[in-house]
Amino acid sequence: YVNFPHMDTTATRNGDLVLNRHSTFITREHDFPPAKAMLYAAGVPNEEAMQKSPHVGIASAWWEGNPCNMHLGDLGKTIKDSVDREGFLGWRYNTIGVSDGITMGNEGMRFSLQSREIIADSIETVTCAQAHDACIVVPGCDKNMPGCVMGIARHNRPSVVVYGGTQRGGFSKTLQKPIDMNTPSEARGAFILGTLKDWSKDGKYSAEEIISDIEKHSVPGAGACGGMYTANSLATVIETLGLTLPGSSSAPAESPAKLRECERIGEIIRICLEKNIRPRDLLTKKAFENALVMIMAVGGSTNSVLHVLAMAKTAEVNLNLDDFQRVSNKTPFIANMAPSGKHTMEDLFNVGGIPSVMKLLIAGGLLDGTAMTVTGKSLAENVEAWPSLPQGQEIIRSLSNPIKSSGHIEILRGNIAPGGAVAKITGKEGLHFEGKARVFDKEEFLCTSLDNGEIPHDENIVLVVRYEGPKGGPGMPEQLRASGTLKGGGFKNVALITDGRYSGASHGFIVGHIVPEAAVGGPIAAIRDGDVIRIDAENHRIEMPHVSDEEIQERLRTWKPRRLPVTRGTLAKYAHLVSNASEGAVTDIF
Ligand code: FES
């Protein structure tokens, strides 16, 4: 990373600590007058502010067309007011954003993972180019989360993350029960099979009426998808990494608690500036170990693996897939939260939220409470006064009575995935699966096959979806349609494996992130219809037991790389730069 000139952290001006350590190089007396002319025009109020006030960038992933992002501009305004109250100069700007919920299942989804890199690029670019002294980032949707952390880890200037917050749950009038953003995909599966009408208890509503009701009421307002899906998983991770105020990940988007959090951010960024707390001071190996414990305890999405690896790579922390397995082995899975369980982040907020879970894990010796945070205090100090989880609540189990005694994430290796693969095994789906391969060279072909009723219910089948990795997709598009259809269609006899990703809302026997991917000639490219595939979560294996390594090599000898589906534009750039999924699929490792 570029090393920009900055004032020493102990430098003083008239006895006061210098807080505008970077911007002072463009605002000090008689230097760079055009810069100052531009800044006065933009709103610097007077000479004193020009000389002394730190410049604080406020980067939100605001945009109107997505519930996860549509309110972030308003949060950014509240944050700016709190920054101004400290006598600092808050400069709001936007990154981009892509909605996973909207792009899911169409070509737009190929742009989702690479949006993470563009968000990081934007924050690094604006902070460094404009000589900002500090940075507040306001992410809301899946890729916003790691993208913002990667951005602040790259520039490494005092920073705070404010999560946009989770959405409220919806309610279906036709089904007379709570629904969420996962319900439409599952309803689609039932619709195709002709069983959706049965979802309505008294048979009063037609399938069309049920679908229409679900579409209109699954997402009742602003905020990210409500279960422990990817955005909420990453928000939880980022809070555990110490980059937010306590409670940021569980406070709903439209709650007074979220507003209060935004009103305190000026005070927190002052602490970070005065104590010179920088992102990489917090993003230590200890902090990442804590984050992995939290992922396992609450059942975070498999996407967390990819994004945590990317954040660690960016912060130059040595973290790899084996760390996930090691922590998974020793961490009990205790959260009854969607998609594998039934509760939402809002439900968890109502019983204390993530700080109460942290308190439980610190008391149980699983989280290291000495890790430091943006408040200038440790995790343990932050949650000391927080209420413990109340007796009788059903969302978080006790450590002595977990849903599963180890974590739900399994790192698998074997002759299909010598570079690793990621499975989410909650125990409900069993630990072993063996079946015959049905190979699809894109998710859409599998979806067509499912729609045509070509996947039987009475035979164990491993559905292989390939050429969907970071390079091959390109962009490792998230897959939910097929797994949602399988769930809605009541399939109990299938496993899904892919070099792509699954949505955080997916559940069932699924394995993703297979490395090396098919597009670079990984062994997944050598699988043929009818090959027996064995998934053994107990021994962390994914393999073709009856196909030798020599046979795989022989098959790959005739394999030819495919022309990438795109050769120009942002996705082509991405496909050429991206690293493999086991390295977080980042674009700045050379
Ligand atoms: Fe934004 Fe789910 S689509 S969090």
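Filtered by the rule that a residue be in contact (Cβ under 8 Å) with a residue 40 or more places away in the chain, among the hydroxyl-bearing types (Ser, Thr, Tyr) and open to solvent by 10 Å² or more (accessible area, probe 1.4 Å), segment 104-132 gives a lone residue, Ser122.
All conditions but one from (1) assigned to a loop (DSSP other than H, G, I, E, B); (2) touching a residue at least 60 places away in the same chain (Cβ under 8 Å); (3) within 16 Å of the ligand (Cβ to nearest atom) apply to Arg21; the one that does not is (3). Does segment 25-38 contain any residue that is outside any helix (DSSP H, G or I), of a type outside the set (A, V, I, L, M) and modelled with pLDDT of 95 or more? No, segment 25-38 has no match at all. Restricting attention to segment 150-183, the residues that are part of a strand (DSSP E or B), open to solvent by 10 Å² or more (accessible area, probe 1.4 Å) and among the polar types (S, T, N, Q) add up to 0.
Screening segment 192-306 for helices (runs of 4 or more DSSP H) wholly inside it with 1 or more residues that are of a type in the set (S, T, N, Q) returns the ranges 207-217, 230-240, 285-298.
Of everything listed in (1) away from the ligand (no atom under 16 Å from the Cβ); (2) under 22 Å from Glu261 (Cα atoms), the single unmet condition for Ala11 is (2).
Can we say Ala525 is surrounded by 22 or more Cβ atoms within 10 Å (Cβ to Cβ), away from the ligand (no atom under 16 Å from the Cβ), assigned to a helix (DSSP H, G or I) and at negative phi? First the steps, then the outcome.
Numbers: surrounded by 22 or more Cβ atoms within 10 Å (Cβ to Cβ): yes; away from the ligand (no atom under 16 Å from the Cβ): yes; assigned to a helix (DSSP H, G or I): yes; at negative phi: yes.
Considered against the rule, which asks whether it is surrounded by 22 or more Cβ atoms within 10 Å (Cβ to Cβ), away from the ligand (no atom under 16 Å from the Cβ), assigned to a helix (DSSP H, G or I) and at negative phi, Ala525 comes out as yes.
On the basis of being more than 23 Å from the chain's Cα centre (by Cα), on the phi < 0 side of the Ramachandran plot and open to solvent by less than 40 Å² (accessible area, probe 1.4 Å), does Ser378 make the cut? Yes, satisfied. Taking into account only those residues within segment 59-77 that are polar (S, T, N, Q) and surrounded by 24 or more Cβ atoms within 10 Å (Cβ to Cβ), which is farthest from Ser255 (Cα to Cα)? Among them, the one singled out is Ser60. When the residues of segment 550-570 are filtered to those that are in contact with a helix residue (DSSP H, G or I) (Cβ under 9 Å, 6 or more places away or on another chain) and modelled with pLDDT of 95 or more, the one that is nearest to Val422 (Cα to Cα) is Ile552. Tell me, yes or no, whether segment 400-410 has at least one residue that is in a strand (DSSP E or B) and buried (at least 22 other Cβ atoms within 10 Å of the Cβ). Within segment 400-410, one or more residues are in a strand (DSSP E or B) and buried (at least 22 other Cβ atoms within 10 Å of the Cβ). Only one of the listed residues (Asp180, Asp142, Asp202) is of a type in the set (Asp, Glu) and away from the ligand (no atom under 15 Å from the Cβ). That residue is Asp202. So is Lys313 open to solvent by 40 Å² or more (accessible area, probe 1.4 Å), modelled with pLDDT of 95 or more, under 18 Å from the mean Cα position of the chain (by Cα) and closer than 26 Å to Ser406 by Cβ or not? Against the criterion (open to solvent by 40 Å² or more (accessible area, probe 1.4 Å), modelled with pLDDT of 95 or more, under 18 Å from the mean Cα position of the chain (by Cα) and closer than 26 Å to Ser406 by Cβ), Lys313 qualifies. Residues in segment 51-87 that are away from the ligand (no atom under 16 Å from the Cβ), touching a helix residue (DSSP H, G or I) at 6+ places or on another chain (Cβ under 7 Å) and not in a strand (DSSP E or B): Gln51, Pro54, Thr78, Ile79, Ser82, Val83, Arg85, Glu86. Residue count for segment 145-163 satisfying the condition of being within 14 Å of the ligand (Cβ to nearest atom) and in contact with a Lys or Arg (Cβ under 8 Å, 6 or more places away or on another chain): 2. For Glu186, the conditions (1) open to solvent by less than 10 Å² (accessible area, probe 1.4 Å); (2) outside any loop (DSSP other than H, G, I, E, B); (3) within 16 Å of the ligand (Cβ to nearest atom) are fulfilled apart from (1). Does segment 450-471 hold any residues that are open to solvent by 10 Å² or more (accessible area, probe 1.4 Å) and in contact (Cβ under 8 Å) with a residue 60 or more places away in the chain, and which are they? Matches in segment 450-471: Leu450, Asp451, Arg466, Tyr467, Lys471. Against the numbered list (1) under 29 Å from Asn320 (Cα atoms); (2) under 22 Å from the mean Cα position of the chain (by Cα), Glu254 comes up short only at (1).
The values are calculated or read from the model by the stated rules, or taken from the named source; none is laboratory data. Predicted, not measured: the structure shown is a model, and the values here were computed from it. Cβ atoms come from the backbone with ideal geometry, glycine included; neighbour counts cover every protein chain shown. For accessibility, only protein heavy atoms count, side chains too; no ligands or nucleic acids. Shrake-Rupley method; radii C 1.70, N 1.55, O 1.52, S 1.80 Å.
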